[in-house]
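The next block holds one structure in the form of structure tokens; read it before the comments.
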Amino acid sequence: MDQTQTGIAFEHNSAQQPASARSIKMAARNVRLDYYNERIGQLLNVLAGIDLSVHTGELVSIVGPSGCGKSTFLTAVDGLISIDDGEIRVDDQIITKPGPDRAMVFQNDSLFPWRTVLQNVTYGLELQQKMPRAQMLERGRALVELVGLQGFGDHYPHELSGGMRQRVNIARALAPDPQLLLLDEPFAALDAQTREFMQAELLKILERTQKTALFITHQIDEAIFLSSRVAVFSARPARIKEIVSIDLPKQRTLAIKLDPRFRHLQDHIWRLIEEESAQTGMHNHA
Ligand SMILES: Nc1ncnc2c1ncn2[C@@H]1O[C@H](COP(=O)(O)OP(=O)(O)O)[C@@H](O)[C@H]1O
Ligand SMILES: [Mg+2]
């Protein structure tokens, strides 16, 4: 275990090693998935052979046209739906069901309104019953602080802003010390200013906890700002259209969004998605 500056223990990983020496945290190979559509009695091919790896300590974003299969892929990595071909491994173990090594964060917080911030954060730990109550509360308090909510542990969700509720969501996901965070458009419901602030906050949180993350977003600048690589999905059935390396300094502040290289990447990814959307006519209905 590793002590972070906030005093919370997280499993040690190799994020500080050079990229070449890093281990692979998540590896998806040739992932195919079909949904059965009862209304028309047909199989709908959603994922048509996804190959994607995420290194330990890395944040990889997924972007792509609406309805192409991004959430489906993330749900498969979480183990909530089974795939029809290929394999998904986390720490070299094939995924067949959800597990404490993975945690999801959604757009809409699913906090319990009758529990305080601290009680929401410790909820998963209570279910696990792996640590004594005092240790659980200590970890919960440290996480509340980690996500910048010191002083709000005894508040209820309705007393918080949208950005604060998403902080609680992130703290709750981190509580069982997952190896891989799966974030499905977590900031989509926030106003533009809060959203930018939360992007910078998320980077700080990931740096302190040394977590690995897979992040879905509709917003190209959010993907570039947060990621070391951006995976662009094709229109459904989804394949990897391109994996774009974000060769920007690792330490990022929001000012980097004004850098010409940032603009160039934004333009490049926008074109890739536009090509896919045009193909399905999605851009007419956006
Ligand atoms: N539970 C489900 N049953 C059948 N079809 C589904 C289900 N969930 C999603 N779909 C369909 O699968 C496709 C991909 O959906 P989704 O993964 O949510 O896309 P994205 O997150 O990229 O917008 C869509 O066409 C959607 O209608
Ligand atoms: Mg989605």
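The numbers here are math on the coordinates, done by the rules we state, and not lab data. All figures in this text were calculated on a predicted structure; none of them were measured in a lab. We place every Cβ from the backbone using ideal geometry, glycine too, and count neighbours over all the protein chains shown.
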Mind ranking 164-175, 252-263, 23-34, 186-197 by how tightly packed they are, going by the mean number of other C-beta atoms within 10 angstrom, highest first?
164-175, 23-34, 186-197, 252-263
Computed FRET efficiency, Cβ-Cβ of residue 278 and residue 138, R0 41 Å: what is it to the nearest 0.05?
0.15
Residue by residue, what Karplus-based ³J(HN,Hα) values in Hz, rounded to whole numbers, does region 98-108 have, using 6.51, -1.76 and 1.60 with θ = phi - 60° and x for Gly and Pro?
x, x, x, 7, 10, 9, 9, 10, 9, 4, 9
Extent of region 108-236 along each principal axis, from alpha carbon coordinates, in Å, largest to smallest?
46, 29, 28
Intensity falloff of region 32-126 expressed as log10 I(q)/I(0), Debye formula with alpha-carbon point scatterers, at q = 0.10, 0.16, 0.18, 0.22 Å⁻¹:
-0.37, -0.85, -1.00, -1.24
Less than 16 Å apart at the alpha-carbon level, and either on another chain or at least 8 residues along: which aspartates and glutamates does that give for residue 130?
11, 101, 138, 177
Per-q log10 I(q)/I(0), region 211-270, q = 0.15, 0.20, 0.22, 0.23 Å⁻¹ (Debye; single scatterer per alpha-carbon; no solvent)
-0.44, -0.76, -0.91, -0.98
Identify all lysines with a Cα-Cα distance to residue 257 below 18 Å; exclude those on the same chain that are fewer than 8 residues away in sequence.
204
Antiparallel DSSP beta bridges within region 135-286, as percent of all bridges there, nearest 5
50 percent
Rg(Cα) / (2.2 N^0.38 Å) computed for region 107-177, rounded to two decimals
0.98
At 0.36 nm per residue, minus the direct Cα-Cα distance, what do residue 191 and residue 40 gain on full extension? Give it in nm, one decimal, please.
50.5 nm
What are the DSSP H helices in the chain that stretch 15 Å or more along their long axis, judged by alpha-carbon atoms, and whose average Kyte-Doolittle hydropathy comes to at least -0.5?
133-146, 162-174, 192-209
Net charge around residue 161, counting only other residues with Cβ within less than 14 Å of its Cβ (Lys, Arg = +1; Asp, Glu = -1)?
-1
Each label sits 7 Å from Cα toward the beta-carbon; between residue 150 and residue 255 the label points are separated, in nm, by 2.6 nm
For the chain, restrict the atom set to alpha-carbon positions and state the Rg and Dmax in Å.
19.0, 56
Around residue 82, with a cut-off of 14 angstrom between Cβ atoms, what is the net charge of the other residues, counting Lys and Arg +1 and Asp and Glu -1?
-3
Protection-proxy order for peptides 66-75, 269-278, 36-45, each taking the mean of Cβ atoms within 10 Å per residue, highest first
66-75, 269-278, 36-45
In terms of Cα to Cα distance under 20 Å, which lysines are near enough to residue 70, apart from those fewer than 8 places away along the same chain?
25, 97, 241
Just to check I understand the Karplus step: with θ = phi - 60° and J = 6.51 cos²θ - 1.76 cosθ + 1.60, what whole-Hz values come out for region 39-44, glycine and proline as x?
4, 9, x, 10, 7, 10
